[in-house]
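For reference, the structure is listed below as structure tokens.
The values are calculated or read from the model by the stated rules, or taken from the named source; none is laboratory data. The model shown is predicted, which means the values in this text are computed figures rather than measured ones. Virtual Cβ from ideal backbone geometry, glycine too; neighbours counted across all protein chains shown.
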Amino acid sequence: MHLRTDIGATNSSTTGTTHNVPEDLETDVLIVGAGFGGVYLCHKLRDELGFKCKIFEAGKELGGIWHWNCYPGARVDTQVPVYEYSLEKVWKDWYWEEKYPGHAELRRYFDHVEKQLDIKKDTYFDTRVVAASFDKESAKWIIKTEDGRTAKAKYLINAIGFAAKRHFPDWKGLDTFEGIMHHSSFWPESDVDVKGKRVAVIGTGSTGIQIAQETAKTAGSVTVFQRTPNLCLPMRQRKLSREEQEEAKKDYPELYRKRMTTFAGFSYDFVEKNTFDDSPEEREKFYQELWDEGGFKYWLATYKDMLFDKEANQQAYDFWAKQTRKRIQDPRKRDILAPLKAPHAWGTKRPSLEQNYYEMMDKPENDVVDVNETPIAEFTKTGIVTSDGKLREFDVIALATGFDSLTGGMKNMGLKDIHGVDLSEKWKMGTWSFLGMTCNGYPNMFFLYGAQGPTAFSNGPSCVECQGDWIVDAIAKLRKDDINYLEATKEAEEEWRRKVTEISDKTLFPGTSSWYMGANVPGKPREQLNYAGGLPLYEKECREQLSNNFAGFIKA
């Protein structure tokens, strides 16, 4: 068994253009990452504003997470067309096959994006940034790559996404297993034949749910090692016809306008009433309607006090438990997968969308291990030993152990501030940014879909376009006003951190140990890593900085 842990270790196709970075590359804007954010920024800055832009991408293709993810069952949990660019030149001739596309279809989408936007000509694939520092004298970022090359840019934008650094728990004997083992984000392109085999899935985030659900179709058995039950919602997946999409396209401009006015950047929002404004009968009917529609509606189109009031939240959990428990016949599994007592406030961990997860796990050949009761003690050459001394033997082990989310990627890039201090040191005891897009000590550096933005509480493309448009407008204003560089003040950072924390503390999120709060990685500071005020309020905060002539920044 060889467990790959480096970001470059991938079996993904090499259809992208791989070319070496020139020794003397100099550009206006250097973007790190060619996912939704990097592609959008390159198009806007290069094609609409005329900036010279280049992208450094560690993978071999466009697509970001959809280039890397090819594990069994990998698919997006946001419905289309909400989960796509609002750019008409991209959506007008594109048609999806499913309401919730899988990874293969999302890769085809990025092939289509490339045909429309021609991004690859300015993208260097197989290029990983290992160091970057700002030279005040030249007002340029000096960026170094893993292969020893150096580039210079006036602006550095990190578009690496919130899940750029994998998390591997330090289990005893991990390297002794002689079967097949992969982290979900390093799943081989050729897939793994699980037919008739004994499969272990460690982790029950959305990835673990998807792998377990998919492999259970053909595997001899699937055993899920669960720390916390995923309070999954029904996906209600279905095929989409070309005709219905063609008919709907006339409404796309309004849909994309509306999604930016909702809390999470979806096409729906919380209702303007509280849980106990309705009678028990009215509440039950409302819950049932949301449940039947599927997707995240039960999470994000429900009563407005659900994430704030414990009693209201308990009502949401009780309905969830009732609906889910009746799908599981095995009483032991029922209590592990859908306990009567809520493991945490409902919705304060991201629920996964499932299609038949509970029915699959209910099958007698499959099992669920509660690692709170019997933790993993060690790995052996044939399987996994739990604390009760029991050895479970497996042929395939899938590590769905998640990521050092939101901060891990940027802390792993060798980003140094103007005093030579690495960002990993600056953020060691907590996260500081301004607007979730800039940092004190890092002039002309921007980032998006990361720490202290709306990131994990929003639809990805909505967040990317909200933040991307602000970054584009900020850079345009710097050029127009002949400002050489822009740097967030320390005071603005501290005020933003206070604001992020204050908003979060009004909700039920802080009471739950989740990756939202940095609680999934041992030793990581426990703090709210996302802006929980919703997209409209966030955008208002950011836009005020533009209209107030960058009041929270040092300008030179």
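Scan the range 476-491 residue by residue and report those that are closer than 25 Å to D28 by Cβ and assigned to a helix (DSSP H, G or I).
Quick first cut of the range 476-491, residues closer than 25 Å to D28 by Cβ only: 476-489.
Hits for the range 476-491 are A476, K477, L478, R479, K480.
Restricted to the range 30-55, and to residues that are assigned to a loop (DSSP other than H, G, I, E, B) and not small (G, A, S), which residue is farthest from S133 (Cα to Cα)?
Selected residue: L49.
Looking only at the range 64-102, which residues are in contact with a Phe, Trp or Tyr (Cβ under 6 Å, 6 or more places away or on another chain) and under 17 Å from E214 (Cβ atoms)?
C70, Y71, R75, V76
Residue pairs, Cβ under 7 Å, 6 or more apart or interchain, first in the range 283-310 and more than 13 Å from P351 (Cβ to Cβ), second in a helix (DSSP H, G or I) and among the hydrophobic types (A, V, I, L, M, F, W, C). List them.
Pairs found: Y287/F319; A301/L290; Y303/A312; D305/A312.
For the range 56-101, name all the residues that are aromatic (F, W, Y), over 17 Å from the mean Cα position of the chain (by Cα) and assigned to a loop (DSSP other than H, G, I, E, B).
W94, Y95, W96
Restricting to helices (runs of 4 or more DSSP H) lying wholly in the range 294-372: which have 2 or more residues that are more than 23 Å from the chain's Cα centre (by Cα) and farther than 27 Å from Q79 by Cα?
Answer list for the range 294-372: 310-325, 331-337.
Residues G402, G453, G383, G389: which one is farther than 21 Å from W496 by Cα and surrounded by 22 or more Cβ atoms within 10 Å (Cβ to Cβ)?
On the way: G453 fails: farther than 21 Å from W496 by Cα; G383 fails: surrounded by 22 or more Cβ atoms within 10 Å (Cβ to Cβ); G389 fails: surrounded by 22 or more Cβ atoms within 10 Å (Cβ to Cβ).
Sole residue among the options that is farther than 21 Å from W496 by Cα and surrounded by 22 or more Cβ atoms within 10 Å (Cβ to Cβ): G402.
Go through the range 502-556 and give me each residue that's assigned to a strand (DSSP E or B) and of a type in the set (F, W, Y).
Listed by number, the list holds a single entry, F553.
Quick test for you: out of E114, E105, E84, pick the one residue that is surrounded by fewer than 18 Cβ atoms within 10 Å (Cβ to Cβ), of a type in the set (D, E) and not assigned by TED's automatic domain parsing to the domain that holds I202. Explain how you work it out, then say what you get.
On the way: E114 fails: surrounded by fewer than 18 Cβ atoms within 10 Å (Cβ to Cβ); E84 fails: surrounded by fewer than 18 Cβ atoms within 10 Å (Cβ to Cβ).
That would be E105, the only listed residue that is surrounded by fewer than 18 Cβ atoms within 10 Å (Cβ to Cβ), of a type in the set (D, E) and not assigned by TED's automatic domain parsing to the domain that holds I202.
Between residues in the range 81-96 that are under 18 Å from G35 (Cα atoms) and residues that are polar (S, T, N, Q) and not in a helix (DSSP H, G or I), which pairs lie under 6 Å by C-beta distance while being six or more apart or on different chains?
Filtered contacts from the range 81-96: V82/S267; V82/N459.
Evaluate the following for S405: is it out of contact with any His (no Cβ under 7 Å at 6 or more places or on another chain), of a type in the set (S, T, N, Q) and modelled with pLDDT under 95?
The answer is yes for S405.
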